[in-house]
Every structure is written in C-alpha cells, then in structure tokens.
Amino acid sequence: MTDPRAQLQPAARVADRRQDVWTIVNEGAANSPKQPIVNMGQGFFGYNPPDFIINAAKEALDKVECNQYSPTRGRPRLKQAIADSYSPFWGRKLDPNTEITITTGANEDDEVIIFEPFFDQYISNIEMPGGKIVYVPLHPPENGATQNTSAGEWTINFSELEAAISSKTKMIVLNTPHNPVGKVFSKGELLKIGELCVKNNIIILSDEVYDRLYYVPFTRMATLSPEIERLTLTVGSAGKNFYATGWRVGWLIGTPHLIKYVAAAHTRICYSSVSPLQEAAAAGFEQADANNFWTTAITEMKAKMDSFNKIWLELDLPFSDPEGGYFVLVNMKKVKVPSGYPFPDHVKDRPRDFKLCWFLIQEVGVAAIPPTEFYTDENAHIGEDWLRFAVCKEDEVLERAKERLRGLRKYIEA
C-alpha cells in the first residue's frame, strides 16, 4: 500500500525555499573550532533592558488581568503611552483608540515595492498571502570598496522607483533607519517617495523600529504632510526601543481609515499580544524621559559603534558608517579566502559573502551576517563583498570580537 505521507506535498509558495541564513550561521557557529563564538550576527541585545522596565515586567506578572487576554487592539495603557510619546513628533494629539494598534512584534496583495537590501521577514509576509514583490535596489557608494563612506551615501535611483510603479502597486515598504545599511533617509528623499505615493495613491508602510537610535537628523514619514500621513502606516517596536527583542511587542500608527483594517487582520492572525509585556512597555514609555533613557540609548549605542569600528580602521577594511540603528556593513573585498577552502555544500554555491561569513566563523571565531540574504539573486552582486555586524553587545564582547578579527590581517591583500 502506498504510504500516504509520500503523497503529501508542501504548497508551492514554501516548497522551494533555500536554507535560511540564520540556520547556516548558527550551524557553522556550533561546529566551529573557535569556541566560544563571538556572535555579532543576529541583532539581539547582549544585555538587559534597564531596571525600571524589567521591574515593570515583574510587577505585571503579579496582576491577574495581565496574565489574561488583552484587547485585540492592545492594552489601553500601552496605546495611551504610545500616543503620549509620539504626539509631539506628529505635532498633534494621536487618538490611542483609532490611530494606534498593538501587534505581536513588528512584522505581521497586489504589488508591493521593496527597497533592496530588505529585512528578510518582509518577503514571506507579502508572498505567503499571494502578493507580488517588485524590487528597487539602494545603490552603494561607488568608492565603498576602497574607502570609508557614510550609510547616507547608499542612494535611490528615482527613475528606477518610478519605473517600478504600476497600476497594480498598492504599497511601498520603507525602512528608516535602515537594516542592514544603517541609512537614515533624508527629508528630501522621503518627500520624493511620499509625493510619488500621493500621486499614485499608494500606501506607505514606514518601518521605523529603530526610530530611537539615530545619529543624524531623523524625519518620520507620516509627519511630512497631511496628504502623506493619510497613506502612511508607521511601524514601531518595543523590542528595539527597550533592548528586549524577545518580547515581540510592536505597534502601528496610522489614520483611522487604515488602522481599522490592520486591526481586523491582526485579530484573525494572532488575536492579541502578550499582556504583561504590553504593560511593561507602557511603563517604559511612561518613565523613559524621567530616566533620560532615549538620550542615553543613543549615546551608548553610538559609543559602541565607534569603538567597534576602530578595528576596520586598524585593518584598513572600508566600512559604511551607520546613521542609525546598531548594524554596520563592512566591505571585505580585500579579504582573500585561500584557494580550495573546504566549504560545505550548502555554502559553496551561495554568493561570496556567505563564504566570507563561514570563513570568519571557522577561522576567526566571529559570526556576522551575509547581506545577500537580503537581496534577490539578480541584485546579489551589490552585497556580495559586504558583511553585517551587530554592535548591540556588551563592551567586553566587542573587545573580544576586535581581538579575534585581528586574525584576518594575514588574509588581507592591499
């Protein structure tokens, strides 16, 4: 008799997916002879949120109502705290009941335009429901392989963006500060994007999860004009704001005619988000200013970034100096992997940055992320000489990473 399991086939939309980068990096790290690995790949924090937020989470667990379902649109206290925190940026009072909805994390169709490189979660979120993605690349600085540059020098070709828009385009996804580039889109760039969206009646999903970590002036898309705000959904993340990526508490801010549909979809996807951590996030917003938290977060992360990037100056490897967030892209074109190096089958046929990533894990003991994971095959060549490092780690970890990275010197060609 035929085994019924042999007849089971996955849906076409998931059947052809390659092994993901997170599995490859974690597998390589587990098998590396250089133990323990210094993990600067995935963007999780190497330290806890401040005490006032941790204590709020502990206190919430003692409350009966915080251990039960929350309203599907989010706990009133958190929505009010977000409204109070963000209203000054919008220049008006945000309505917590009609313009804010809480989500489980910050990644929850026609055609959708995405800029490359992209946060990889976007792709499945669009393709799984049947949407079609149209890609527009950010172009790196021409001298990025030979000298240090700014993340702001990664640019949009607006002719390419306009050409990508069709009658089927329903949304543009924007990420600022950008992961993995670290670019903070300028007010002028945002206005151009926003005006194109107004002209073509395209919704803007503005992913601003790193909105509290910027080192140059930062503009919020929804604040540019009433016409642009009407089309904009702004994404936020308590995990990124409060050093707690495992909490998976996020939110969307938008005008009522957009939020009501997002909230309806959220109800069907996961119903509600984690109750005690919503309460803790609310306390975080309520107490952040009194604890000087936002300013301290920027100062401390920028110091980590500057300290870590000294290793690239020492090794004469060009990097793209971030304008926001906690990732740095480093150009590894001058790093020469020995001929015939024994890469495993699932790495040897991937772009050069995957090989560089594997090589660093095995020979140096430092894990990074290959950014071609965030590109289509067509544009993978743009990112194949770069690696992404996350600096949201303890200072002693950053120092250990720098010491190990000095082991690259013998592989660098002038």
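The values are calculated or read from the model by the stated rules, or taken from the named source; none is laboratory data. Small disclaimer: the values here were computed from a predicted structure and weren't measured. Methodologically, a virtual Cβ is constructed for each residue, glycine included, from the backbone with ideal geometry; neighbour enumeration extends over all protein chains shown. We work out accessible area using only protein heavy atoms, side chains counted, and drop any ligands, DNA or RNA first. Shrake-Rupley method; radii C 1.70, N 1.55, O 1.52, S 1.80 Å.
Evaluation of LEU174 against the conditions (1) part of a strand (DSSP E or B); (2) modelled with pLDDT under 95 shows that the sole unmet condition is (2). GLY340 satisfies every condition listed in (1) in a loop (DSSP other than H, G, I, E, B); (2) among the small types (Gly, Ala, Ser); (3) open to solvent by less than 40 Å² (accessible area, probe 1.4 Å) except (3). Taken over the range 19-68, residues that are open to solvent by less than 70 Å² (accessible area, probe 1.4 Å), more than 21 Å from the chain's Cα centre (by Cα) and aliphatic (A, V, I, L, M) amount to 7. Residues in the range 343-386 that are in contact with a strand residue (DSSP E or B) (Cβ under 6 Å, 6 or more places away or on another chain) and open to solvent by 40 Å² or more (accessible area, probe 1.4 Å): none.
Within the range 129-163, being β-branched (Val, Ile, Thr) and out of contact with any Leu (no Cβ under 8 Å at 6 or more places or on another chain) holds for ILE133, VAL134, THR146, THR149.
Residue by residue, here is whether (1) under 22 Å from SER85 (Cα atoms); (2) among the small types (Gly, Ala, Ser); (3) surrounded by 14 or more Cβ atoms within 10 Å (Cβ to Cβ); (4) modelled with pLDDT of 95 or more holds:
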site: PHE285; (1), (2), (3), (4): yes, no, yes, yes
site: MET305; (1), (2), (3), (4): no, no, yes, yes
site: GLU314; (1), (2), (3), (4): no, no, no, yes
site: LEU329; (1), (2), (3), (4): no, no, yes, yes
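Can you say whether SER320 is buried (at least 19 other Cβ atoms within 10 Å of the Cβ), of a type in the set (Ser, Thr, Tyr) and within 29 Å of TYR47 (Cβ to Cβ), as far as the supplied structure shows? It is true that SER320 is buried (at least 19 other Cβ atoms within 10 Å of the Cβ), of a type in the set (Ser, Thr, Tyr) and within 29 Å of TYR47 (Cβ to Cβ). Look at the range 219-237: where a residue is not assigned by the TED database to the domain that holds GLY250, no partner that is open to solvent by less than 10 Å² (accessible area, probe 1.4 Å) sits 6+ places away or on another chain with Cβ atoms under 9 Å.
Taken together, the residues in the range 344-377 that are at pLDDT below 95, of a type in the set (Asp, Glu) and closer than 16 Å to PRO117 by Cα amount to 2.
Which of the residues belonging to the range 84-126 are of a type in the set (Asp, Glu) and out of contact with any strand residue (DSSP E or B) (no Cβ under 7 Å at 6 or more places or on another chain)?
Kept after step one, since they are of a type in the set (Asp, Glu), are these residues of the range 84-126: 84, 95, 99, 108-111, 116, 120.
Those that are of a type in the set (Asp, Glu) and out of contact with any strand residue (DSSP E or B) (no Cβ under 7 Å at 6 or more places or on another chain): ASP84, ASP95, GLU108, ASP120.
In summary, LYS183 fulfils each of the numbered conditions (1) open to solvent by less than 10 Å² (accessible area, probe 1.4 Å); (2) part of a helix (DSSP H, G or I) with the single exception of condition (2). Quick one: would you say SER339 is of a type in the set (Gly, Ala, Ser) and under 30 Å from PRO217 (Cβ atoms)? So SER339 does not fit the description; no. Figure legend. Inter-residue proximity from the range 79-90: first residues among the β-branched types (Val, Ile, Thr), second residues assigned to a helix (DSSP H, G or I) and surrounded by 18 or more Cβ atoms within 10 Å (Cβ to Cβ), beta-carbon distance below 7 Å, spacing 6+ or different chains. Indicated pairs: ILE82/PHE285. The requirement of being among the polar types (S, T, N, Q), touching a Ser or Thr at 6+ places or on another chain (Cβ under 7 Å) and on the phi < 0 side of the Ramachandran plot is not satisfied by SER307.
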